[in-house]
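Working notes, structure below.
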Amino acid sequence: MSNAAPARRWPLTLLRVAVSGGLLVYLVGRAQPALIWQSWRAIDLPLLGLALLMQLAGIAISAAKWGVVLRARGRGQPLRWLFGAYLVGQFVGNVLPTTIGGDAMRGVQLGRRIGSYGEAGASIFVERLTGFLALSLIANAALAASVLAPTALATTPALRWLALGFGLAAIGALAGALAAPWLERAFGPRLPERARAPLRRVAEVLSAYTPRGRRLALVLALSLLFQLLWVALHAVCGLALGLRAPLLLYALMVPLTDMIGLVPIFVNNLGARELIFTLYLGQIGVAPAQALALAFLIFSVKLAVSLLGGLVMALGGDMRAARMSRAEGDQ
């Protein structure tokens, strides 16, 4: 079983590498690598340092939000541990050549700590879901504002429908999580007998880990804060490269990039980010080389901060390399 699953994933992995790699080769070749490097050489180092601190702050906000979700079930964890677990997840997802994603790694870490992988997965699902909802709110607000902007930004109908559909799906999924027990009682009896007990357990756990009332408002506020900080980080990186792009452009470009990057044909959003940056920044006269320099800088900032997760592992974090390998084999 452990050998069959990776074998089935190989075609998709090759497709993702081909799509991301092909787009990167095409865009870089068209923009000329020498011009990209020239933009990088002019980076403002203090602003780069600020971007790194903002990335760390974003992880801290996400860890705090995860803690709020866990406390809703009485499973609260120290912020220090949550922050370390998030860093390890970032390291695994962005640096290591493993088939385990960062969220899956966080689930394994928390599952071992609380004694339930199902509850761990539910907490991460809800934490991520609220982030997607905040992302869609920013995207749709930016799309509406862009129509009224002095310099209109062109967005294809497909991307507009993507932002709207993404938002409606996030709202629907959150409502479904809140109503999971009711849905299970309504539709569970129509399912085969052996599927009812697992479905009931999933519904109970998912509902238990979905905050309500003030807790839900706090989780959504933290999600919105993180996404706004993520947009601002892009603007800071743009300034570090000497770009003078309006904040509205970043508020539109960044969420759409992250949404497209969720399509499982890209590796770590590579290719999708570069394509969208080139298209949107090009509308205000930014050269393709500068747009790609910004895309690579964003990726580099994420990668550099992710390396701290390796340090957490080396210092004896919950996910040592041997355990991670064993978990990957059991997938």
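Worth pointing out:
- Checked against (1) polar (S, T, N, Q); (2) surrounded by fewer than 16 Cβ atoms within 10 Å (Cβ to Cβ); (3) closer than 16 Å to VAL231 by Cβ, THR156 passes all but condition (3).
- Residue, farthest from LEU294 (Cα to Cα), within segment 40-81, restricted to residues that are polar (S, T, N, Q) and assigned to a helix (DSSP H, G or I): SER62
- Of the residues making up segment 108-144, those that are farther than 19 Å from LEU229 by Cα and not β-branched (Val, Ile, Thr) number 16.
- Enumeration of residues in segment 93-133 that are modelled with pLDDT of 85 or more and of a type in the set (A, V, I, L, M): ALA104, MET105, VAL108, LEU110, ILE114, ALA120, ALA122, ILE124, VAL126, LEU129, LEU133
- Verdict on LEU153 being closer than 18 Å to LEU222 by Cβ and either touching a Cys at 6+ places or on another chain (Cβ under 9 Å) or touching a residue at least 12 places away in the same chain (Cβ under 8 Å) (or both): no
- The single residue among ARG71, ARG160 that is in contact with a helix residue (DSSP H, G or I) (Cβ under 9 Å, 6 or more places away or on another chain) and in contact (Cβ under 8 Å) with a residue 24 or more places away in the chain turns out to be ARG71.
- Positions within segment 265-307 being of a type outside the set (A, V, I, L, M), more than 14 Å from the chain's Cα centre (by Cα) and not in a helix (DSSP H, G or I), in sequence order: GLY271, GLN283, GLY285
- Tabulated pairs, segment 134-146, first at pLDDT 90 or above, second outside any helix (DSSP H, G or I) and surrounded by fewer than 18 Cβ atoms within 10 Å (Cβ to Cβ), C-beta under 6 angstrom, 6+ apart or interchain: none
- Just one of the numbered conditions (1) surrounded by 16 or more Cβ atoms within 10 Å (Cβ to Cβ); (2) at pLDDT below 85 is not true of ALA4: (1).
- Of the criteria (1) over 18 Å from SER300 (Cβ atoms); (2) modelled with pLDDT of 90 or more; (3) more than 21 Å from the chain's Cα centre (by Cα), which one ARG75 fails: (2)
- Test for ALA195: is it modelled with pLDDT under 75, under 22 Å from the mean Cα position of the chain (by Cα) and over 25 Å from LEU53 (Cα atoms): no
- Residues that are crowded, with 17+ Cβ neighbours inside 10 Å and in a loop (DSSP other than H, G, I, E, B), drawn from segment 220-264: LEU241, LEU243, ALA245
- Test for VAL147: is it in contact with a Phe, Trp or Tyr (Cβ under 8 Å, 6 or more places away or on another chain) and of a type outside the set (Asp, Glu): no
The values are calculated or read from the model by the stated rules, or taken from the named source; none is laboratory data. Quantities reported herein were computed from a predicted structural model and do not represent experimental measurements. Every residue, glycine among them, receives a Cβ derived from its backbone with ideal geometry; neighbour counts consider all protein chains shown.
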